[in-house]
Amino acid sequence: MERENEARRPDPDDLLAEVKAENRGRLTIFLGAAAGVGKTYAMLEAAHERQADGVDVVIGWVETHGRQETEALVKGLPIIPSRELVYRDKVFRELDLDALLQRRPQLALVDELAHTNVPGSRHIRRYQDVEELLAAGINVYTTLNIQHVESLNDIIAQITGIRVQETVPDRLLEEADQVQLIDIPPEELIERLKEGKVYVPPQAERALQKFFRPGNLNALREMALRYTAMRVEGQLDHYMRLHGIAGPWPAGERVMACVSPSPFSAQVIRTARRMAAGLKAEWLAVYVETPGCPPADEAERDQLARNLHLAEELGAEVVSLSSDDAAEELLALARRKNVTQIVIGKPLHPRWQEMWRGALVDKIIRNSEGISVHIIPGKTGPRQEQRPAARHYQPGPASWPYAGAVAAVMMVTVLNKILQPFFDLTNIALLYLLPVLFSAVGLGRGPSILTSVLGVLAFDFFFVPPVLSFTVFDLRYLLSFGVFLVVAVITGTLATRLKTQAENARRRETRTAALYALSRKMAAAADMEGLLKAVVETVAETIDGEAVIFMPDAAGGLVVRATSPSPPAKWLDNNECAVARWVFTHGQFAGRGTDTLAGAEGLYLPLRTDNNNLAVLGVKLKYPERRLGPEQRRLLEAFANLAALAILRLQLAVEAQQARCLAASEKLRTALFNSISHDLRTPLASITAAVTGLLEGEEVYHPEARQALLQTIKEGARRLNRLVGNLLDMARLESGMIQLKQEWCDLEDIIGVALGQLRETLQDRPLEINIPPELPLVKVDFTLIEQVLVNLLENAVKYSPPGSKIDIEVRREGKELQVAIADRGASIPEGERERVFEKFYRLQSPRHVSGTGLGLSICKGIIEAHGGRIWAEPRPGGGNVFTFSLPLDEQPPEQVPSARGGEEGDR
């Protein structure tokens, strides 16, 4: 019962997929077995029905092929004008994607999904235009023939003898919301062709002789019906799972395709894709590079990149590995990934090579142990022989290593002739191993084997009797020749393998070192500019080219934030910036080497995390004719992922700092309101009561009472003035607007002015002032230091018992003057001696103490602005001592104007 309930429970992934699909446009594909079955006609009919229902329908692109009934249906539907592109001095018309996106209809008609766009378009293929429309929330009707489905490409070529070049990934049909099969009998389609309703008569005749033969049409029709039936079955399974309907669910399967640099691997990949679709299984494509058989040249590396890209496009998980034993590594991965089906191609090389190297297929079958192995016959398609990845011997640079091998043998032969009087035949034979080793290390396996054969022949011809003849009198030399040849071949092979392994290790080390260096630089970067600079410098150095990073500015536009080399090169024009903006908007690769905006100078990668696009990384190779290999692409992707995480880290750090500042600001605001509300109300209430009493009882109060009320008003006004002054001083300190007006002053004068200002506050307090004679002058702002003394003395009065003594002491300590004010109040706990200088912080006191908690904070700001310091410490015998220091860095002049003495009265 538990298992039944578990089976009925909807899959959370399916529910999440439906939520994500709500904002995406819906795709309807009108699928047919061949051209002429009526796909475009059915699409236009459906569009008219939707328009009658009030849906905003627009034709983005419709190809009528001159058919009158189709052209009649076009009338009445709005049409987006096509875009004109010039290519090779000819004008072509293509879908205007930007105009369609700007128009934003509810439904767009885009005919011929598999069409290849003219160079200069944003995307290479029309199906990519459709994907962008869907991403923008626009519903799309489109048409497709079954022969354009990518996974069926090999079967179509086998049936029709024609390799279809324009294909569409299977995922488009799988992700389509609706697939409508448009079907007519083959006889009717052939009749339509003969009547000229599909192609013009000459073209129709050629089509009937080649592609539109009855056998081909029947096979294509069957494939279209099967494909549609398989989709309906998948939709039924999805519906049952989504709504918790119990059913016999198939056991989990997983398919693995074995990929190589061979053009034939594309057929293996498509077969694995079809098998995975039939089994409703996940699948992966695996390439294992072995030291003995790496990609031979740039053509094979490009072919390998195309094969892996095809697998990725068809939805595979692509895995690249390196191992000495490909079969063992493939089987180990298959067991780790729980693979149940392995698809591998039958080798195309001669049988003798398998005897020499061992057959990969045989090893996999022998050790598969429960994994099904499917061997695809190694038959190349009709056009594969013309592909650039096929190996052919061509005179030129490719033959130079063999010429070098011949030259090496000739040089050793000459050397042996010179040394022949001094060496015996054994030493001469050993010298012929030198060019074998040099050829293996420097030229490759083929030249080293050629060197081995030539060395044996040269040794026989020039040194073994009879000389200058290949005839051997002593048959024992034949055994020597055989042993020498085997040793030479094995030595050359091992040297080549070691060289390949060293190169692979060096490449991996370079990749790892580059990632490690970038990680260290990014970890050390404290700001965004330093981080971006580290990224572009590392990327540019790694790819031997240029790198640039775009990031959004405050207005939302994309701007260049970092380049390497700096300043940015001329290739960063408006077109390149437009490509970067597209990548940032859509979060997809674009530019050179991709299927999107391939005419751009650079390749652009989105820097994104969790579906958030943070920036765009652009790279341009130093030599444009070069292409990035799969390893470089993966390294760039790793760089992009690291950079995205680092950018996100800095952005989160800034946001966290802003959040802390906001929290602190909120805390200060609350403390300020709590403190000020009380400290404002108290003096205002006193002033209001006193003024009211004076106004209402002028004849009642005698002179002494009136004097007391006026004194109350004065005291309240003074408290308000001090409160507002403290707030203004704190605002000036925090904003950095405070300016010191430093002059040479006598601290004794400043203390006298401060005591005069607090005469009434200190009238019942005994003071003990200790100022040593011959005290040096200090360069300070007289008014601000006076404010510090006033605040410290008021603080001593507030937090000490009434009538208790207050001490003021000035002393010189090295190159600074120290002023200490001591009270007899409760000692400040050790853990709070630093906090008393924070804004709005107030100690708990049994007595009610008025104030805002800003006085000591203002003192600290003023003293630190003078380059001094302030601190609190306990007083021996009880109480606290607040001390501040002022630097004596400069020597005072011999005569200082005594202006302060005349001004004290004014203060």
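The values are calculated or read from the model by the stated rules, or taken from the named source; none is laboratory data. Computed from a predicted structure; not experimentally measured. Every residue, glycine as well, gets a Cβ built from its backbone with ideal geometry; the counts of neighbours run over all protein chains shown. Protein only, heavy atoms only, side chains kept; ligands, DNA and RNA dropped before computing areas. Shrake-Rupley method; radii C 1.70, N 1.55, O 1.52, S 1.80 Å.
Observations
- Matching option when the condition is open to solvent by 50 Å² or more (accessible area, probe 1.4 Å), closer than 30 Å to Ala311 by Cβ and either at pLDDT 75 or above or not in a strand (DSSP E or B) (or both), among Gln203, Gln158, Gln147: Gln158
- Listed by first and then second residue, the pairs linking a residue in region 640-663 that is of a type in the set (S, T, N, Q) to a residue that is assigned to a helix (DSSP H, G or I), with Cβ atoms under 9 Å apart and 6 or more places separating them unless they lie on different chains, are Gln651/Met528.
- Residues located in region 773-810, provided they are surrounded by fewer than 16 Cβ atoms within 10 Å (Cβ to Cβ) and closer than 20 Å to Ile862 by Cα: Thr783
- Looking only at residues in region 678-707 that are open to solvent by less than 40 Å² (accessible area, probe 1.4 Å) and under 26 Å from Lys839 (Cα atoms), the one that is modelled with the lowest pLDDT is Asp679.
- Taken over region 532-555, the criterion of being surrounded by fewer than 22 Cβ atoms within 10 Å (Cβ to Cβ) and either among the β-branched types (Val, Ile, Thr) or within 19 Å of the chain's Cα centre (by Cα) (or both) is satisfied by Lys533, Glu537, Ala540, Glu541, Thr542, Ile543, Met551, Pro552, Asp553.
- Which listed residue, of Thr70, Thr64, Thr142, is among the hydroxyl-bearing types (Ser, Thr, Tyr) and in a strand (DSSP E or B): Thr142
- Every residue from region 862-880 that is open to solvent by 20 Å² or more (accessible area, probe 1.4 Å), of a type outside the set (Lys, Arg) and either over 14 Å from Ile785 (Cβ atoms) or modelled with pLDDT under 90 (or both): Glu864, Ala865, Gly867, Trp871, Glu873, Pro874, Pro876, Gly877, Gly878
- Members of region 741-755 found to be buried (at least 16 other Cβ atoms within 10 Å of the Cβ) and in a loop (DSSP other than H, G, I, E, B), listed by number: Asp746
- Scanning region 756-787 for residues that are assigned to a strand (DSSP E or B) and farther than 30 Å from Pro801 by Cα yields a count of 3.
- When the residues of region 355-365 are filtered to those that are over 22 Å from Asn307 (Cβ atoms) and either in contact with a His (Cβ under 8 Å, 6 or more places away or on another chain) or surrounded by 11 or more Cβ atoms within 10 Å (Cβ to Cβ) (or both), the one that is modelled with the lowest pLDDT is Gly358.
- Residue match in region 78-89 (condition: exposed (fewer than 11 other Cβ atoms within 10 Å of the Cβ), of a type outside the set (D, E, K, R) and assigned to a loop (DSSP other than H, G, I, E, B)): yes
- Among (1) within 30 Å of Gly446 (Cβ to Cβ); (2) in contact with a Gly (Cβ under 7 Å, 6 or more places away or on another chain); (3) open to solvent by less than 60 Å² (accessible area, probe 1.4 Å) - the single one Glu576 does not satisfy: (1)
- On inspection, Lys499 does not qualify as among the charged types (D, E, K, R), surrounded by 12 or more Cβ atoms within 10 Å (Cβ to Cβ) and at pLDDT 75 or above.
- Failed item in (1) among the polar types (S, T, N, Q); (2) in a loop (DSSP other than H, G, I, E, B); (3) modelled with pLDDT of 85 or more, with Asn795 passing the rest: (2)
- If the condition is being hydrophobic (A, V, I, L, M, F, W, C) and farther than 23 Å from Gly587 by Cβ, then region 533-577 contributes Ala534, Ala540, Ala569, Trp571.
- All of Asp573, Asp595 fail the test of being among the acidic types (Asp, Glu) and closer than 19 Å to Leu636 by Cβ, apart from Asp595.
- Filter result for Thr380 (open to solvent by less than 80 Å² (accessible area, probe 1.4 Å), at pLDDT below 50 and of a type in the set (Ser, Thr, Tyr)): yes
- Hits in region 36-55 (condition: crowded, with 17+ Cβ neighbours inside 10 Å, more than 43 Å from the chain's Cα centre (by Cα) and aliphatic (A, V, I, L, M)): Val37, Ala42
- Among the residues of region 102-139, the one identified as at positive phi, in contact with a Leu (Cβ under 9 Å, 6 or more places away or on another chain) and either at pLDDT 90 or above or part of a strand (DSSP E or B) (or both) is Glu112.
- Screening the candidates Ala224, Ala219, Ala257, Ala229 for the property of being at pLDDT 75 or above and within 33 Å of the chain's Cα centre (by Cα) yields one hit, Ala257.
- Condition broken by Val559, with the remaining ones in (1) open to solvent by less than 70 Å² (accessible area, probe 1.4 Å); (2) in contact with a helix residue (DSSP H, G or I) (Cβ under 7 Å, 6 or more places away or on another chain); (3) not aromatic (Phe, Trp, Tyr) satisfied: (2)
- Complete set of residues in region 420-453 that are open to solvent by less than 20 Å² (accessible area, probe 1.4 Å) and either outside any helix (DSSP H, G or I) or at positive phi (or both): Tyr432, Gly444
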